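J.: Dumping the structure here so I can ask a few things about it.
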Amino acid sequence: MKHIMIDLEMNKIEKQCHDDKKLSSELIEIGAVKMDDNFEVIDKYQTYVSPEFGKLDEKIIALTGITDDKLEGAPDFFHAMDDFADWIGNEKTTFYSWSLSDIRQFQHESDFKGYEGSIVKRMEKNWVDFQLEYSKLLRIEKKIKLKQAVQAADYEFTGAEHTALADAVNTAEILRLSKNPEEFERIMKPVLDLFRPTRTGSTLLDMCPEFFASLSEQYFEK
């Protein structure tokens, strides 16, 4: 059994329409980390993907550091997906990402462009929204940002934020920690204590609403 953490970077494009299908973003980078049964990293994967519909959006360049020059000579969506599928292999695998946006991108772009590789169906049947699972571990309903999840786990964020492989590597570290309940409880105790009810039935955040308001914008997604 293998476990693969995936992160994608996408480019916003002018909405494309074909019959009843629409596409508003294209894949420009795939990053992934492959782990064994013990959630130890055994391999990494990264590729840029050449977009079909126009150049990169300026905001995406600023966010990711990916430029049009970096995408020159990159495989198109079809070849990138086939290469990624080859790297994944045929062994039974569970796929993870921080939210469901990545599997939805695979689904929407494959559907729009007519990619028929079996890897997308395989992923969607075995996909875990680890952002949601992480929130459940913290016993909260809000979705925490990846960078803050890494910091809360006492890790230094490795690499540049919003690059696919770095995000996948950092998320894989949090996944590995989550599979060790005792270690997770020890490291995450300061965060967990914020959300645990006290004897009065209130949490520390309930008793410190002003602090929570300042914390919310920094830590949680809207």
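The values are calculated or read from the model by the stated rules, or taken from the named source; none is laboratory data. Quick caveat, the model's predicted, so the values are computed rather than measured. Neighbour counts run over all protein chains shown; Cβ positions are idealised from the backbone, glycine included.
J.: Across region 42-99, what is the number of residues that are charged (D, E, K, R) and touching a residue at least 24 places away in the same chain (Cβ under 8 Å)? Reasoning before the result, please.
T.: Looking only at region 42-99, we keep the residues that are charged (D, E, K, R), and these are 43-44, 52, 55, 57-59, 68-70, 72, 76, 82-83, 86, 91-92.
Now drop any that are not touching a residue at least 24 places away in the same chain (Cβ under 8 Å), which leaves 43-44, 52, 57, 59, 76, 82-83, 91-92.
Residues meeting the conditions: 10.
J.: Given region 69-150, what helices (runs of 4 or more DSSP H) lie entirely inside it while holding 2 or more residues that are surrounded by fewer than 17 Cβ atoms within 10 Å (Cβ to Cβ) and among the acidic types (Asp, Glu)?
T.: In region 69-150, the matching helices (runs of 4 or more DSSP H) lie at 77-88.
Residue by residue, here is whether (1) over 30 Å from Arg176 (Cα atoms); (2) among the charged types (D, E, K, R); (3) surrounded by fewer than 22 Cβ atoms within 10 Å (Cβ to Cβ) holds:
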| residue | (1), (2), (3) |
| --- | --- |
| Met5 | no, no, no |
| Asp20 | yes, yes, yes |
| Ala32 | no, no, no |
| Leu56 | yes, no, yes |
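J.: If we scan region 41-50, do we find a residue that is in a loop (DSSP other than H, G, I, E, B), in the same structural domain as Ala149 (by TED's automatic domain parsing) and out of contact with any Leu (no Cβ under 6 Å at 6 or more places or on another chain)? Outline the logic, then answer.
T.: The initial filter retains those residues of region 41-50 that are in a loop (DSSP other than H, G, I, E, B), namely 49-50.
Cutting the leftovers down to in the same structural domain as Ala149 (by TED's automatic domain parsing) gives us 49-50.
Narrowing further to those that are out of contact with any Leu (no Cβ under 6 Å at 6 or more places or on another chain): none.
No, region 41-50 has no match at all.
J.: Next up: Kindly check whether there is at least one residue in region 146-155 that is at pLDDT below 70, of a type in the set (Val, Ile, Thr) and out of contact with any strand residue (DSSP E or B) (no Cβ under 9 Å at 6 or more places or on another chain).
T.: Looking through region 146-155, none of the residues is at pLDDT below 70, of a type in the set (Val, Ile, Thr) and out of contact with any strand residue (DSSP E or B) (no Cβ under 9 Å at 6 or more places or on another chain).
J.: For the subset of region 59-68 comprising residues that are within 22 Å of the chain's Cα centre (by Cα) and assigned to a helix (DSSP H, G or I), which member is farthest from Phe106 (Cα to Cα)? Write out each step before concluding.
T.: Filtering region 59-68 down to residues within 22 Å of the chain's Cα centre (by Cα) leaves 59-67.
Cutting the leftovers down to assigned to a helix (DSSP H, G or I) gives us 59-64.
On the way: Lys59: 22, Ile60: 18, Ile61: 21, Ala62: 23, Leu63: 21, Thr64: 19 Å.
Filtering first and then ranking leaves Ala62.
J.: Does region 192-211 include one or more residues that are within 30 Å of Thr64 (Cα to Cα) and either surrounded by 18 or more Cβ atoms within 10 Å (Cβ to Cβ) or at pLDDT below 55 (or both)?
T.: no
J.: Look at Ile30 and say whether it is at negative phi, part of a strand (DSSP E or B) and in contact (Cβ under 8 Å) with a residue 40 or more places away in the chain.
T.: Answer is yes for this residue.
J.: Of all residues in region 1-52, which are among the acidic types (Asp, Glu), over 22 Å from Pro75 (Cβ atoms) and out of contact with any strand residue (DSSP E or B) (no Cβ under 6 Å at 6 or more places or on another chain)?
T.: Across region 1-52, the qualifying residues are Glu14, Asp19, Asp20, Asp37, Glu40.
J.: Also, I was wondering about something else. Give the residue that is modelled with the lowest pLDDT, with candidates limited to residues of region 156-185 that are over 19 Å from Asn38 (Cα atoms) and not hydrophobic (A, V, I, L, M, F, W, C). Walk me through how you get there before you give the answer.
T.: As a first pass, look at region 156-185 and keep what is over 19 Å from Asn38 (Cα atoms): 156-167.
Now restrict to residues that are not hydrophobic (A, V, I, L, M, F, W, C): 156, 158-159, 161-163, 167.
Numbers: Glu156: 65, Thr158: 66, Gly159: 58, Glu161: 66, His162: 69, Thr163: 87, Asp167: 91.
Among those that are over 19 Å from Asn38 (Cα atoms) and not hydrophobic (A, V, I, L, M, F, W, C), it is Gly159.
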